[in-house]
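Student: Take a look at this one; I'll ask things after.
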Amino acid sequence: MEKELPFEKLLENLEGLVNQLEKGELSLENSLKAYEKGIGFVKEAEQRLEKMEGRIEQLMLDGKKKPFEEKAEA
């Protein structure tokens, strides 16, 4: 089982691939492999961001509920 990379490392790897592709020194085959790997990093990053966004939204909702409950009891 592969260990999940920290989000920052995922972005670092993606930036490295972009830099390699922008230099234009890779063969066509290696460019395609780097691009495919980059697409995988992008999809993984998007999934994690969506998950984090959902957690933040839930925290905001939880934060809004607590003060109202406390005020109602006071």
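The values are calculated or read from the model by the stated rules, or taken from the named source; none is laboratory data. Keep in mind it's a predicted model, so treat the numbers as computed, not measured. All Cβ positions, even for glycine, are placed from backbone atoms using ideal geometry, and neighbour counts span all protein chains on display.
Condition check ((1) out of contact with any helix residue (DSSP H, G or I) (no Cβ under 8 Å at 6 or more places or on another chain); (2) free of Cβ contacts under 8 Å to residues at least 40 places away in the same chain; (3) not polar (S, T, N, Q)) across all residues:
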{"residue": "Glu4", "(1), (2), (3)": "yes, yes, yes"}
{"residue": "Glu8", "(1), (2), (3)": "yes, yes, yes"}
{"residue": "Leu17", "(1), (2), (3)": "no, yes, yes"}
{"residue": "Ser27", "(1), (2), (3)": "yes, yes, no"}
{"residue": "Ala34", "(1), (2), (3)": "no, yes, yes"}
{"residue": "Ala45", "(1), (2), (3)": "no, yes, yes"}
{"residue": "Gly54", "(1), (2), (3)": "yes, yes, yes"}
{"residue": "Leu59", "(1), (2), (3)": "yes, yes, yes"}
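Student: For the range 1-18, which positions are in a helix (DSSP H, G or I) and exposed (fewer than 10 other Cβ atoms within 10 Å of the Cβ)?
Tutor: Glu8
Student: Which one of these is under 11 Å from the mean Cα position of the chain (by Cα), at pLDDT below 95 and in a helix (DSSP H, G or I): Glu57, Glu70, Glu53? Working first, answer last.
Tutor: Values: Glu57 fails: under 11 Å from the mean Cα position of the chain (by Cα); Glu70 fails: under 11 Å from the mean Cα position of the chain (by Cα).
None of the other options fit; the residue is Glu53.
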